[in-house]
1. Does A:Asn68 qualify as being exposed (fewer than 15 other Cβ atoms within 10 Å of the Cβ), not small (Gly, Ala, Ser) and not in a helix (DSSP H, G or I)?
2. Does the range B:153-176 include one or more residues that are closer than 30 Å to A:Leu100 by Cβ and charged (D, E, K, R)?
3. Give B:Leu76, B:Leu132 a once-over and let me know the one that is in contact with a Phe, Trp or Tyr (Cβ under 9 Å, 6 or more places away or on another chain) and of a type in the set (A, V, I, L, M).
4. Kindly indicate the residue of the range A:30-85 that is of a type in the set (Phe, Trp, Tyr) and in contact with a helix residue (DSSP H, G or I) (Cβ under 7 Å, 6 or more places away or on another chain) and also farthest from A:Glu159 (Cα to Cα) among those meeting that condition.
5. Can you find, within the range B:266-290, the residue that is modelled with the lowest pLDDT among those that are exposed (fewer than 12 other Cβ atoms within 10 Å of the Cβ) and in a helix (DSSP H, G or I)?
6. Within the range A:338-353, identify whether any single residue is buried (at least 16 other Cβ atoms within 10 Å of the Cβ), modelled with pLDDT of 85 or more and not in a strand (DSSP E or B), and answer yes or no.
7. What's the number of the condition A:Glu53 fails, among (1) part of a loop (DSSP other than H, G, I, E, B); (2) closer than 25 Å to A:Lys209 by Cβ; (3) of a type outside the set (Val, Ile, Thr); (4) in contact (Cβ under 8 Å) with a residue 60 or more places away in the chain?
8. Give, as residue ranges, the helices (runs of 4 or more DSSP H) completely inside the range B:77-185 that count at least 3 residues that are out of contact with any Ser or Thr (no Cβ under 8 Å at 6 or more places or on another chain) and in contact (Cβ under 8 Å) with a residue 60 or more places away in the chain.
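The values are calculated or read from the model by the stated rules, or taken from the named source; none is laboratory data. Quantities reported herein were computed from a predicted structural model and do not represent experimental measurements. Quick reminder, even Gly has a Cβ in these numbers, built from the backbone with ideal geometry, and neighbours come from all protein chains shown.
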Amino acid sequence: MAKIELKQISKKFKDETIIENLNLTIKDGSFTVLVGPSGCGKSTTLRMVAGLEKQSGGEIWIDDKCVNDTPPGLRDVAMVFQNYALYPNMTVRGNIEFGLKNMGIAKQERERLIMDICGIVGLVPHLNKKPQSLSGGQRQRVALARAMVKQPKVFILDEPLSNLDAKLRNQMRTELIQLHKRLGTTFVYVTHDQVEAMSMGDEIVVMNKGVIQQADTPMKLYHDPANQFTAEFIGTPAMNMMDMRDMQGLEIRSATVPGYAGFRPEQALIGAGADSEGYEIEGEILTRESLGAENIYQIQSRNGVFFVKTFLAPLETMRHVKVTVPYDRLYYFGLNGERLRGVEASSKRPAAVGGR
Amino acid sequence: MSVWEKLRPYSMVAPAIIVFSLFFIYPIFYMMYLSLFDWNFVSPDKAYVGIQNFKDLLTDSDFRQVLSNTTIYTLLTVTLTTSLALLLALWLNRKGVFHGFVQGAIFSPHIISLVSISLLWSWLMDPEYGLLNWVIGLAGFGKLAWLSHPSTSLVSLVIVAVWKGLGYNALVFIAGLQSIPPDIYEAASLDRSKPWTTFRKLILPLLSPSIFFLVIINMIGSFQVFETIAIMTQGGPVNSTNTLVYYIYENGFRFFKIGYASAAGVILLFIIGVLTIIYFKLLSKRVHYR
């Protein structure tokens, strides 16, 4: 188990700066997920922790040791690669054993460790097969076993599920969560899939263009995004974002003038009664996606196109609908995408004359 | 189905089949046929002698020396070319102007005619005025006889063959090295594999298809060596560089012992045939790959 600290890390490839002044602490025993669109520097960050890529500046600490000049094999880090990187000329046993042999572990002990690990990941019947005769899921398990058997301080996983089909991916996802609970080792996991990140991580680091946007728990990220990027990146469908200038009828009291207002599709109500307070938008339903438990509507309004998601409600058949967004479910962002807090809102209503 | 429809596919492949049979299949069988006769190439009658030509060949001490010359030449050429090419490929397998230049430079002998190469090396290896002896002299060593003494002549020819084959062999190895995914090396470095271990346990096995291909191709090529010998040594001195194909040529077209030469040709065909069968048998077992 280990804590990882990245201090003022930067990375340049030739003239191109990928990462600049990145600071991050990965807690001991956590399941930390680095997530972001492709090219955001998450894999590069991971590879620098593993020692496969040398940072251009800054320090990396694993536990209380600066590992800047420690070669990958001696960092006590094990990695699972996206395409597994199994040794094609070796059997499953050989693949798992290779690292142990290099560590100088005696044959009997090696045999015991291999059998233990293969018991956990269910590879015992395949020990003498070569990787090319295994299925995708089995190869994935070999890659996991090869990493686990070394009992590293840190586990690094670089998009390990992206080569699996959807069903197997879900299954491996739960297995990885269980594995983390069982081992208690620090896991650092890279993915571009926010669903994967949300479902697996207990700490999520959202990155964009080499900059950490927010590092938080999944629930905090969802309910309390620090900026527009995080707000739009987390959640499916993405948070609806509207220009404040289009939000006619919304009155706000705030120190700074927000540029954008957003709300989550699942927090808007279609055809709510008159008693529900909130900002009202009228629009036409363009498409309906019925997924069984939930329905997703694409709605065209004068504020632009937005999405609404309902749960366990009958499919809305009306073409023209009124959507209500409770005031406290509105998020406000400045013109540069930063989150604005403490904004109060209400609707300009026609002056009540003799009741409604 | 009309007759023409049945015949059409055969008529389409006929030109290729005819050319192939005429110039490849027929000569092979004609050679086998001739190997059973005593014939001088011009006289109208051929004397049938059965397997006498083969008996003569196998008891002829010259022929036995030719066989041993060819085998030694092949073993030396193949081991040296393949191992040096592998070392070169390991060194050249990176990007950069310099490495690209060296790669091109060592490949260039492959596209030069063997006749030019033979003439060039004859000059370089000239015992009196050759560049090689001059360089050796500068380094303070005595002159070597190179092609003109039986003790060094065969090795001199091996040097020429290795020089010519190196570039092509290195290129095949570089292609093989580049087909190894880079993350295998990364996984190995995380597994604390030392460079020598990585080479022995991963690179070498993953290159085995290339190694195997080159060894067989080089062997078949070396067994058929002819141009360098015809131009540089004519099999001499004292038969020390006489090899199978040159021996066949000499007997057939200088001494006009066509039957005898054909018998030697059949033996060469047998050796090459065995090598080819080994190649395809082992290839189907597919050393390691993917």
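1. Judged against the criteria, A:Asn68 is a match.
2. No, there is no match, as no residue in the range B:153-176 is closer than 30 Å to A:Leu100 by Cβ and charged (D, E, K, R).
3. The conditions single out B:Leu132.
4. The residue in question is A:Phe31.
5. B:Lys285
6. no
7. Only one criterion in (1) part of a loop (DSSP other than H, G, I, E, B); (2) closer than 25 Å to A:Lys209 by Cβ; (3) of a type outside the set (Val, Ile, Thr); (4) in contact (Cβ under 8 Å) with a residue 60 or more places away in the chain is unmet by A:Glu53, namely (4).
8. B:97-107, B:114-124, B:150-178
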